[in-house]
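Single-structure report; data block below.
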Amino acid sequence: MLGFLSARQAGVDDPLRLRRAESTRRVLSLKLNPDRDVDRIHGNGINTIDIDAIEGRYMLSGGADGVIVIYDLENHSGKQQYTCRPVRTVGRSSRHVHKFSVETVQWYPYDTGMFVSSSFDKTMKVWDTETLKPFDFGHYFEGNVYSHHLSPIARKHSLIAVGTKNPKIQLCDLKSGSRIHVLQGHRAEVLAVRWSPRYENILATASADSKVNIWDVRRASGSLFTLDQHNGEKSKASSQAENTAHNGRVNGLCFTSDGLYLLTTGTDDRMRLWNSATGKNTLVNYGKVCNESRKRLQFSVSHGCSPEFVFVPCGSSVAVYALHTGELITMLRGHYNNVDCCEFHPDYQELYSGGKDGNLLSWVPVVRTADVEEEPNGENKVAVGLSAVNPAFQDNWSSDED
């Protein structure tokens, strides 16, 4: 690390390289935070969480009990040990509460004054954060709502993509409150939907029919393409008429932060990395990624690291993989039951996870004693010490490449 600081001070390296190096070190040292607790409010499992992109301060959680909680992640106690307290709660006593399990919550990308939730009670609600009341226009669907998503970058539209038990994807306009378009192409329930963080009109959808479709919502003629795990080599595939992304239900979608790649997970215990522009399977082998969920699985990708990492619920643990090599870096263990969701906090390289045990856990970078070396004159210096965490990444720190 001293080498990075010296090079930065001398003007040899730009600040981006130092930032990437430190971000990578922090992710590789993630541990369960012994000093930070998150108040347990949910009576049952936690299905979904979201951290606001504006301040990085407030976290939403939605549970199997239908309850929605807003947490303040900042430490206001002035002490090292503290508890993240809920600032607002849509509890069972509220007449606006969801009747059944909340499957997805998401902050409005440009303002914490509003958020959206969807549930197995066949509704999607747009909430005013201040009053904790949904706006007058509510959306009722024919079946359970598995997933919804607002584009994080859209300027020309305010569409919410919604995946339900019905194979048709619904596009709802946040401004007017009406459903303006339907995308047809799946043959079973749509378990996950995700807008591209690179192109505001590109949408990815995953279904129980084993397919992942990529759409340009400006086109009315159908999807741009359907992801094919065999990259067109039908001779190596079992005799099947259509392209499939997995050999089971596809219940997880996540773009990388630059939008160049798309990750998918399925109940065939596989995770795949795709080129989002061409739809090609990159053939990265992550090994067996346990996935027994019949619903949407929320996983996350790091941001600002080199290399990037993937955080995936795997049983009662969170598995951390290198994005482009598929190497399993570590397993974060702390939950007492299956993990259903995890969310990466890019501002501090922290991770939050929720599971069926009803707990929200905070995983933070720690400074290991091995990272502090004693100089001959008695002064301390901070050493990078990546090889102590994972020797495979030692070269990434000594290399001059970004």
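Can you figure out the FRET efficiency of Asn337 with Asn285, using R₀ = 25 Å and their beta-carbon distance, to the nearest 0.05?
FRET efficiency, Asn337 to Asn285: 0.30.
May I ask which residue of His98, Val145, Val126 lies farthest towards the positive end of the charge dipole of region 90-186, with charges of +1 (Lys, Arg) and -1 (Asp, Glu) on Cβ and the Cα centre as origin?
Val145
Around Ser316, under 15 Å between beta carbons, what's the net of Lys plus Arg minus Asp minus Glu among the other residues?
-1
Under the rule of at least 5 residues apart or a separate chain, name every residue whose amide H is placed under 5 Å from the amide H of Gly163.
Distant-sequence amide H within range of Gly163: Tyr146, Ser147, His148.
As a quick test, which of the pairs Lys99/Lys133; Lys211/Lys295; Lys99/Lys125; Lys211/Lys288; Lys122/Lys356 have an alpha carbon distance above 18 angstrom in this structure?
Lys211/Lys288; Lys122/Lys356
Between His181 and Leu32, how many nm apart are label points set 7 Å from Cα along the C-beta direction?
Between His181 and Leu32, the label points sit 4.6 nm apart.
Provide the gained length on full extension for the span Asn75 to Lys133, in nm with one decimal, where the gain is 0.36 nm per separating residue minus the Cα-Cα distance.
Extra length from Asn75 to Lys133 when fully extended: 18.1 nm.
Mind running the shape call on region 191-315? Use the C-alpha gyration tensor, a ≥ b ≥ c as the square roots of the eigenvalues: rounded below 1.5 for a/c, prolate if a/b tops b/c, oblate otherwise.
Note, shape of region 191-315 comes out rounded.
In terms of modelled amide H atoms, which long-range or inter-chain residues lie less than 5 Å from the amide H of Phe115?
Tyr108, Trp127, Thr129
Can you run phi through the Karplus equation (6.51, -1.76, 1.60; θ = phi - 60°) for region 332-347 and list ³J(HN,Hα) in whole Hz, with x for Gly and Pro?
With coefficients 6.51, -1.76 and 1.60, one gets 8, 10, x, 7, 9, 8, 4, 8, 10, 7, 8, 9, 8, 9, x, 5 Hz.
Please arrange His98, His139 by counting, for each residue, the other beta carbons lying within 10 Å of its beta carbon, fewest first.
Placing the least packed residue first, the sequence is His139, His98.
In whole Hz, what ³J(HN,Hα) sequence does region 278-286 give by Karplus (6.51, -1.76, 1.60; θ = phi - 60°), x for Gly and Pro?
9, x, 7, 6, 6, 6, 5, 9, 8
Name the long-range amide H neighbours of Glu103: under 5 Å, sequence gap of 5 or more, or other chain; modelled H, no Pro or chain starts.
Ser118, Ser119, Phe120
Just flag the chymotrypsin sites (Phe, Trp or Tyr not before Pro) in region 31-103 sitting in loop per DSSP whose Cβ has no more than 16 other Cβ atoms within 10 Å.
Phe100
Just so you know, all these numbers are worked out from the coordinates, no wet-lab data involved. In this text the structure is predicted, and so the values were computed from the model without any measurement. Every residue, glycine among them, receives a Cβ derived from its backbone with ideal geometry; neighbour counts consider all protein chains shown.
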